[in-house]
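To start, the structure under review is shown below, and the notes come after it.
The values are calculated or read from the model by the stated rules, or taken from the named source; none is laboratory data. Only a predicted model underlies this, so the values are computations on that prediction, with no experimental measurement involved. Note that we place each Cβ from the backbone using ideal geometry, even for glycine, and neighbour counts take in every protein chain shown.
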Amino acid sequence: MAARGIVQHRDLTRLQEGEWFNDDVINFGMVLWFERFLASAERTLRLLVFSTFFFKTYKEKGHKSVCKWTKHRSPFESDCIIIPANNDLHWFAIILWNPAFFRSSPSAKWIILTLCSLRWDQTKARTHALSWLTEEHCARKIPGSIGPVISLDLPCASQKNGFDCGAYMIHNIQRFIRNHQVIIADIQEGGDSEPTSIVYSDEVWQKHMAVQMRGKLRVQAQRCPNRGYLRQNS
């Protein structure tokens, strides 16, 4: 479940302009973000954050291959689950919002979102994530069904080239967590309909800062390439 935040020397070239991020660079960036999260006002949010290998392993090998990832931490004790995902060499994030609330109120709708900087339809990825959570629900013998779901591609900062998806994914995760109260309130009010202009606003996504993410990661990797592990807060 923990992601090691280490960038090898060979990975530093991935942080140059025009290069795609690999798993190690993404996990390094996620560790840096998570450290900042733990020092922020949002740190009381119970996050379960997976490494890049989780979704890939589940899609290829099924639930049994990833059940150990949640052996010591039930997904249904989390306010938010974050899953970095890659499809056709494109990085995006899957957000499962408030599984803990579902457990206490099975009739309530919970939310599954994708943050895609190319604005691709990621319905299939959300279906995979829902299948995983449903299998977790069954494996833990929790009464009832998984319940109704609001499933959306969430508008977020969009990249202007073909190689910055990794940097934008990390940025969009950061902005979502920072503005989760506004975003989730808007979605809950609108249900399955399109989010309002509030969710689209630059105040939420700070698009001008997304283009700086690659450079910031490059500086951090050069200063301190070994950042330990991505821990989970409880």
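A Cβ distance below 6 Å, combined with a sequence gap of six or more or placement on separate chains, defines the contacts here; from the range 137-149, residues that are surrounded by 13 or more Cβ atoms within 10 Å (Cβ to Cβ) reach residues that are of a type in the set (Val, Ile, Thr) and modelled with pLDDT of 85 or more in the pairs Ile146/Thr134; Val149/Ile112.
For every residue, the table says whether it meets (1) in a helix (DSSP H, G or I); (2) over 20 Å from the mean Cα position of the chain (by Cα); (3) touching a residue at least 40 places away in the same chain (Cβ under 8 Å); (4) under 17 Å from Thr114 (Cβ atoms).
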{"position": "Asp153", "(1), (2), (3), (4)": "no, no, yes, yes"}
{"position": "Cys156", "(1), (2), (3), (4)": "no, no, yes, yes"}
{"position": "Ile170", "(1), (2), (3), (4)": "yes, no, yes, yes"}
{"position": "Gln181", "(1), (2), (3), (4)": "yes, no, no, no"}
{"position": "Val199", "(1), (2), (3), (4)": "yes, no, yes, yes"}
{"position": "His208", "(1), (2), (3), (4)": "yes, yes, no, no"}
{"position": "Arg218", "(1), (2), (3), (4)": "yes, yes, yes, no"}
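Please verify whether Ala139 is under 23 Å from Val204 (Cβ atoms) and of a type in the set (Gly, Ala, Ser), treating the condition exactly as stated. For Ala139, the condition - under 23 Å from Val204 (Cβ atoms) and of a type in the set (Gly, Ala, Ser) - is not met. When you scan the range 151-163, do you find a residue that is within 16 Å of Ile187 (Cα to Cα) and among the acidic types (Asp, Glu), even just one? Scanning the range 151-163 turns up at least one residue that is within 16 Å of Ile187 (Cα to Cα) and among the acidic types (Asp, Glu). One residue is enough: does the range 100-114 have a residue meeting the conditions within 21 Å of Asn22 (Cα to Cα) and surrounded by 13 or more Cβ atoms within 10 Å (Cβ to Cβ)? Among the residues of the range 100-114, at least one is within 21 Å of Asn22 (Cα to Cα) and surrounded by 13 or more Cβ atoms within 10 Å (Cβ to Cβ), which makes the answer yes. Determine, yes or no, whether Ser201 is at pLDDT 85 or above, among the hydroxyl-bearing types (Ser, Thr, Tyr), surrounded by fewer than 16 Cβ atoms within 10 Å (Cβ to Cβ) and under 21 Å from Glu42 (Cα atoms). Judged against the criteria, Ser201 is a match. Residues in the range 53-78 that are out of contact with any Phe, Trp or Tyr (no Cβ under 8 Å at 6 or more places or on another chain), surrounded by 15 or more Cβ atoms within 10 Å (Cβ to Cβ) and of a type outside the set (Phe, Trp, Tyr): Lys56, Thr57, Lys59, Thr70, Ser74, Pro75, Ser78. Quick test for you: out of Leu15, Leu48, pick the one residue that is in contact with a Ser or Thr (Cβ under 6 Å, 6 or more places away or on another chain) and closer than 19 Å to Asn172 by Cβ. Just one listed residue meets the conditions, Leu48.
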